[in-house]
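**Q** Sharing a structure with you now.
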Amino acid sequence: MTLQAIQERIREAAAQTRPLRLRGGGTKDFYGERFEGEVLDTRVHAGIVDYEPSELVITVRCGTPLTEVESTLNSRGQCLPFEPPYFGPQATIGGCVAAGFSGPRRMSVGALRDYVLGVKLIDGQGRALSFGGQVMKNVAGYDVSRLLAGSLGTLALISDVSLKVLPVPPVEQTMRLQMSEREALRALNDWGGQPLPISASAWHAGELHLRLSGAPAAVDAAYRRIGGERLSVDAGLKWWSDVREQKLAFFQSLESLWRVAVPTIAEPLILPGTQFIEWNGGLRWWKTTAPAELVREAASQRRGHATLFRTPAPQGGRFTPLEAAALRIHRNLKAVFDPAGIFNRGRLYADW
């Protein structure tokens, strides 16, 4: 199917107000609310459009496998710095951007949306539109390119995306330290104010894992300063891969898994269950049977918010309800990009 054929199918669906379900590899199907509509498989539009290693930018079609993108970058000693989770080998770059997920390196380099330079999209009227470009300073007015990151396909079909890439760090070292939750949070905030090359952190059940990334001398000096048990290079790579892909035992149970985002300086949350902390304390995964109201109230008390990331049974209300002003903005954006309401209907919120 050509891009023109995709546009025509969207126009037909809009004319009949027939919902379409935008879907790549389906690896993020567990995330979000209900599915509705005929599947529009984005994998028919695939391939690397342009890659300029010297310019640190790659432009890719939405259906391109994430494995192909990262393999191409790795061959030139570069990477997607935000370490996007795959959650399955069929992951595509379009789904990666639409989901908006960032991996363990998020707190040191920024989120996925920070690396979206430009997009080409097909809106709900079948029109091909372009926003942004291939350089960082290309935005005048509202930054539509980054708006699409995390939109779960509810605004438009991302046909092409340009992403900023970075060199792979020369050296990485993972350490393990024995600490309580409070000790770990205090230490992470203390280290965060120092010029240390910490690229990832993860705490669970009394153990804090740290990853150092950078020049050999800087990594070695930081290790001597922080201490802890060194992991081998292979063990460190596997550990952070398992964190990113949620393959650790903590993530394997059938309990509901909440994703709680709070300021890194926030005190521990008081909830029943167990937790896994990432991003220097800014991301706190909770396995809990507590009702949604209790989880969201605990997050709100720490100036954060909570999302029901995974659940063993169908359940609504996965995302924090929007306040009236924010809801009005979201609905206005939806009306502009998808006036007939055909794209991933109800995926973010039930009424749009």
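The values are calculated or read from the model by the stated rules, or taken from the named source; none is laboratory data. The structure displayed is predicted, hence computed values, not measured ones. As a convention, Cβ positions derive from the backbone with ideal geometry for all residues, glycine included, and neighbour counts pool all protein chains shown. Surface accessibility is based on the protein's heavy atoms, side chains included, excluding ligands, DNA and RNA. Shrake-Rupley method; radii C 1.70, N 1.55, O 1.52, S 1.80 Å.
**Q** Scan the helices (runs of 4 or more DSSP H) fully inside the stretch 138-230 and keep the ones with 1 or more residues being open to solvent by less than 60 Å² (accessible area, probe 1.4 Å) and at pLDDT 95 or above.
**A** Once the helices (runs of 4 or more DSSP H) in the stretch 138-230 are filtered for at least 1 residues that are open to solvent by less than 60 Å² (accessible area, probe 1.4 Å) and at pLDDT 95 or above, what remains is 181-192, 216-226.
**Q** Return yes when Trp285 is out of contact with any strand residue (DSSP E or B) (no Cβ under 6 Å at 6 or more places or on another chain) and under 19 Å from Ala202 (Cβ atoms) and no when it is not.
**A** No: the conditions fail for Trp285.
Rundown of residues vs (1) within 22 Å of the chain's Cα centre (by Cα); (2) over 24 Å from Ala187 (Cβ atoms), yes/no style:
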{"site": "Trp258", "(1), (2)": "yes, yes"}
{"site": "Trp279", "(1), (2)": "yes, no"}
{"site": "Thr289", "(1), (2)": "no, yes"}
{"site": "Gly317", "(1), (2)": "yes, yes"}
{"site": "Lys334", "(1), (2)": "yes, yes"}
{"site": "Phe343", "(1), (2)": "yes, yes"}
{"site": "Arg347", "(1), (2)": "yes, yes"}
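**Q** Taking the residues in the stretch 231-256 that are among the acidic types (Asp, Glu) and at pLDDT 95 or above as candidates, determine which candidate is farthest from the chain's Cα centre (by Cα).
**A** Asp234
**Q** Return the residues of the stretch 298-352 that are exposed (fewer than 14 other Cβ atoms within 10 Å of the Cβ) and among the acidic types (Asp, Glu); say none if nothing qualifies.
**A** Glu323, Asp351
**Q** Identify all residues within the stretch 88-111 that are over 18 Å from Asp143 (Cβ atoms), open to solvent by less than 40 Å² (accessible area, probe 1.4 Å) and assigned to a helix (DSSP H, G or I); write none if there are none.
**A** Once the filter is applied, which keeps residues that are over 18 Å from Asp143 (Cβ atoms), open to solvent by less than 40 Å² (accessible area, probe 1.4 Å) and assigned to a helix (DSSP H, G or I), the stretch 88-111 yields Ile93, Gly94, Gly95, Cys96, Ala99.
**Q** Against the definition (surrounded by 14 or more Cβ atoms within 10 Å (Cβ to Cβ), modelled with pLDDT of 95 or more, part of a helix (DSSP H, G or I) and not hydroxyl-bearing (Ser, Thr, Tyr)), how does Arg259 come out, yes or no?
**A** Taking the combined requirement at face value, the residue does not satisfy it.
**Q** Taking the stretch 49-63 as the region of interest, how many residues are open to solvent by less than 10 Å² (accessible area, probe 1.4 Å), assigned to a loop (DSSP other than H, G, I, E, B) and either touching a Leu at 6+ places or on another chain (Cβ under 8 Å) or polar (S, T, N, Q) (or both)?
**A** Selection size over the stretch 49-63: 1.
Listed here are the residues, each with its yes/no results for (1) of a type in the set (S, T, N, Q); (2) over 25 Å from Pro170 (Cβ atoms).
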site: Glu55; (1), (2): no, no
site: Val60; (1), (2): no, yes
site: Gly63; (1), (2): no, yes
site: Val69; (1), (2): no, no
site: Thr72; (1), (2): yes, no
site: Pro81; (1), (2): no, no
site: Tyr86; (1), (2): no, no
site: Gln90; (1), (2): yes, yes
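**Q** So for the stretch 112-134 (the condition being in contact with a Cys (Cβ under 9 Å, 6 or more places away or on another chain) and in a helix (DSSP H, G or I)), does at least one residue qualify?
**A** Looking for residues that are in contact with a Cys (Cβ under 9 Å, 6 or more places away or on another chain) and in a helix (DSSP H, G or I), one finds at least one in the stretch 112-134, hence yes.
**Q** Within the stretch 243-262, is there a residue that is touching a Lys or Arg at 6+ places or on another chain (Cβ under 7 Å) and β-branched (Val, Ile, Thr)?
**A** Yes, some residue in the stretch 243-262 is touching a Lys or Arg at 6+ places or on another chain (Cβ under 7 Å) and β-branched (Val, Ile, Thr).
**Q** What are the pairs, 6+ residues apart or on separate chains, where a residue within the stretch 156-171 that is over 30 Å from Ala221 (Cα atoms) has its Cβ under 7 Å from a residue that is open to solvent by 30 Å² or more (accessible area, probe 1.4 Å) and at pLDDT 95 or above?
**A** Cβ pairs passing all conditions: Ser159/Arg61; Ser159/Lys120; Asp160/Val49; Asp160/Arg61; Asp160/Lys120.
**Q** While we're looking at this one, here's another question. Every residue in the stretch 1-33 that is farther than 12 Å from Val44 by Cβ, open to solvent by less than 20 Å² (accessible area, probe 1.4 Å) and in a helix (DSSP H, G or I), please.
**A** Ile10, Ala13, listed by residue number.
**Q** To continue, here is another question. Looking at (1) in a loop (DSSP other than H, G, I, E, B); (2) open to solvent by 40 Å² or more (accessible area, probe 1.4 Å), which is the one condition that is false for Pro85?
**A** Pro85 satisfies all of (1) in a loop (DSSP other than H, G, I, E, B); (2) open to solvent by 40 Å² or more (accessible area, probe 1.4 Å) except (2).
**Q** Tell me yes or no: at least one residue of the stretch 158-165 is within 30 Å of Ala128 (Cα to Cα) and among the basic types (Lys, Arg).
**A** Scanning the stretch 158-165, I find at least one residue that is within 30 Å of Ala128 (Cα to Cα) and among the basic types (Lys, Arg), so the answer is yes.
**Q** Scan the stretch 277-292 and give yes if some residue there is in a helix (DSSP H, G or I), at negative phi and free of Cβ contacts under 8 Å to residues at least 12 places away in the same chain, otherwise no.
**A** Looking for residues that are in a helix (DSSP H, G or I), at negative phi and free of Cβ contacts under 8 Å to residues at least 12 places away in the same chain, one finds none in the stretch 277-292, hence no.
**Q** Also, I was wondering about something else. Go through the stretch 174-200 and give me each residue that's under 26 Å from Leu56 (Cα atoms) and within 24 Å of the chain's Cα centre (by Cα).
**A** Pro197, Ile198, Ser199, Ala200
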